[in-house]
Amino acid sequence: MLRSNIVPVDWSTFGVDLHLDLPAGPDAATGRRLAIERAIREAVRGGRLAPHTRLPSSRALATELGLARGTVSAAYEQLVAEGFLTARTGSGTVVAGQPAPAVPGSAAPTDDTANRPRYDLRPGRPDVTSFPVDAWLRATRRALAQAPATVFDYGPSAGRPELRTVLAEYLGRARGVLATPDRIVVTTGYVQALALLTRAIAGPKGRTVVAMEDPGLTYHRDVVRHAGAEVLALPVDHSGARTDLLSTGPYDRVHAAVLTPAHQYPLGMTLSPQRRRAATAWARAHGRLIVEDDYDGEFRYDRHPVGALQATAPEDVVYMGTAAKTLAPALRLAWLVLPERWVEPVVEAKHHADRHSDTIGQLALADLIATHAYDRHVRSRRLRYRRRRDLLIERIGSLPGGRLTVGGVAAGLHATIGLPDDGPGEAELLRRAQSHGLAVADLGPQWQTPGPHPAGLIVGYSAPGDRAFPETLDVLIRVLRSALG
């Protein structure tokens, strides 16, 4: 950038920064004006200055470049005349609204809102329109008003003590978890928690084997593999994961087993008492680890929520929870309750991953839990989701022929719809759904082992807003009725 030595520049005074590549010289005002015009023109054409980007005032840019204000004003006026810039009184000078040419080899950023289906019944998503904005704002204000200035510095890798303290109380009260603040590590979402734990288990010794439920979420298997572990399929039946198999020959190499005991994903059953005992007995006898994914344990409808498996073997089970389903995925907050021997390795892995999770969000969530606003929100959503689940079951049951089965509905935010052998398959139903602007998931990709497997759809009933859900459900029923004849 060309700068003059004549006028000392106070860099703290500029409201908007603008980097321009100006050649050294020429000295004439006309040459300098042309250089500014050329630099801005190229920045707009190349996409570095996007439409509607605000530019510095002519006075500020002139001072920064050590030029006369009239030189910069003349350059701006010429670019406005050419259509590269627009200038309005009181609004300053901005890049014109024409789309910038794409940079070769680059892809435009995707707008997730624009890509959302019109009717969204994908599993794993809460109703984000119900996010308690007012309560969150109050919690944030209270937390920041009481917090020392040091909270704006780098934080502890394990998480803010305020959040870990209230989480220990809440998890013990609501989920039956045996937790103390020093055993809790806060992470940037569940995926990071799973990856950090996998890396900690692997350590420096080489390849690690992790057993994961089959069927199960494909993405989570990919996360474990990406973290350096081998995934071994653990079959699931009507009683949940076959933890009785962990003590048999094929699983001798397994270091850890990831389970969803409260509500198996995606089939929805609860891990039976016998299987729970088999899991903890295996871990205790062989020095292995059970990873308890409690992704939607707060949402139980037909009876009291099933307590956490972790409480029966706190030194052999890692408990994993998240705010993604109860509040919103955008918060990027999850937590691990760890056996004592695993705290230090996981904290070290967290430190090297991203040092610490967002401090302000942790403080706000701590306040939300401490004031019981979190409990009130969860209870409110539990009631609303139960009503949606009941309506889904009723509408599926009203279809003629009784050819569809609905499973996994005792808890959680999704149901599985079993398809008849003599009817349309998963691919056909997905195609029909897509033609109606409806998004659902199918069971097929969730299996790790080769089939044949039962065909079905996974229908999440939590994503649409309260007003949108009835119409979305109407579209699902229309698709199913047209496919089944």
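Which residues, counting only those in the stretch 209-230, are in a strand (DSSP E or B) and either touching a Phe, Trp or Tyr at 6+ places or on another chain (Cβ under 8 Å) or surrounded by 21 or more Cβ atoms within 10 Å (Cβ to Cβ) (or both)?
Selection gives Val210, Ala211, Met212, Glu213, Asp214, Ala229.
Search the stretch 180-208 for residues being closer than 21 Å to Gly321 by Cα and part of a loop (DSSP other than H, G, I, E, B), and hand back the single one that is nearest to the chain's Cα centre (by Cα).
Gly189
Per-residue answers, yes or no, for (1) touching a strand residue (DSSP E or B) at 6+ places or on another chain (Cβ under 7 Å); (2) surrounded by 14 or more Cβ atoms within 10 Å (Cβ to Cβ):
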{"site": "His377", "(1), (2)": "no, yes"}
{"site": "Tyr385", "(1), (2)": "no, yes"}
{"site": "Gly401", "(1), (2)": "no, no"}
{"site": "Val409", "(1), (2)": "yes, yes"}
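Within the stretch 440-485, how many residues turn out to be of a type in the set (S, T, N, Q) and surrounded by fewer than 17 Cβ atoms within 10 Å (Cβ to Cβ)?
Residues flagged as of a type in the set (S, T, N, Q) and surrounded by fewer than 17 Cβ atoms within 10 Å (Cβ to Cβ) within the stretch 440-485 amount to 2.
Output the residues belonging to the stretch 147-162 that are loosely packed, with under 11 Cβ neighbours inside 10 Å and acidic (Asp, Glu).
Residue satisfying the conditions is Asp153 alone.
Do we have any residue at all in the stretch 345-368 that's touching a residue at least 60 places away in the same chain (Cβ under 8 Å), in contact with a Leu (Cβ under 9 Å, 6 or more places away or on another chain) and among the basic types (Lys, Arg)?
Yes, that holds for at least one residue.
Confirm whether Ala364 is touching a strand residue (DSSP E or B) at 6+ places or on another chain (Cβ under 9 Å), among the small types (Gly, Ala, Ser) and not in a loop (DSSP other than H, G, I, E, B). Spell out how you get there, then give the answer.
Details: touching a strand residue (DSSP E or B) at 6+ places or on another chain (Cβ under 9 Å): no; among the small types (Gly, Ala, Ser): yes; not in a loop (DSSP other than H, G, I, E, B): yes.
Judged against the criteria, Ala364 is not a match.
Taking the stated definitions as given, is Ala415 touching a residue at least 60 places away in the same chain (Cβ under 8 Å), surrounded by 13 or more Cβ atoms within 10 Å (Cβ to Cβ), assigned to a loop (DSSP other than H, G, I, E, B) and small (Gly, Ala, Ser)?
So Ala415 fails the test.
For the subset of the stretch 1-59 comprising residues that are of a type in the set (Ser, Thr, Tyr) and either more than 18 Å from Gly92 (Cβ to Cβ) or in a loop (DSSP other than H, G, I, E, B) (or both), which member is modelled with the lowest pLDDT?
Checked the stretch 1-59; the qualifying residue modelled with the lowest pLDDT is Ser4.
Looking at the stretch 296-319 only, could you name the residues that are touching a residue at least 60 places away in the same chain (Cβ under 8 Å), surrounded by 22 or more Cβ atoms within 10 Å (Cβ to Cβ) and under 26 Å from Asp182 (Cβ atoms)?
Result: Gly297, Ala308, Gln310, Val318, Tyr319.
One residue is enough: does the stretch 262-285 have a residue meeting the conditions β-branched (Val, Ile, Thr), crowded, with 17+ Cβ neighbours inside 10 Å, touching a residue at least 24 places away in the same chain (Cβ under 8 Å) and touching a His at 6+ places or on another chain (Cβ under 7 Å)?
Looking through the stretch 262-285, at least one residue is β-branched (Val, Ile, Thr), crowded, with 17+ Cβ neighbours inside 10 Å, touching a residue at least 24 places away in the same chain (Cβ under 8 Å) and touching a His at 6+ places or on another chain (Cβ under 7 Å).
Quick check on the stretch 363-381. Is at least one of its residues under 23 Å from Leu259 (Cβ atoms), more than 17 Å from the chain's Cα centre (by Cα) and not polar (S, T, N, Q)?
Yes, the stretch 363-381 contains a residue that is under 23 Å from Leu259 (Cβ atoms), more than 17 Å from the chain's Cα centre (by Cα) and not polar (S, T, N, Q).
The values are calculated or read from the model by the stated rules, or taken from the named source; none is laboratory data. Everything numeric here is computed off the predicted structure, so don't read it as measured data. Positions of Cβ are generated from backbone atoms using ideal geometry, with glycine treated the same way; all protein chains shown enter the neighbour counts.
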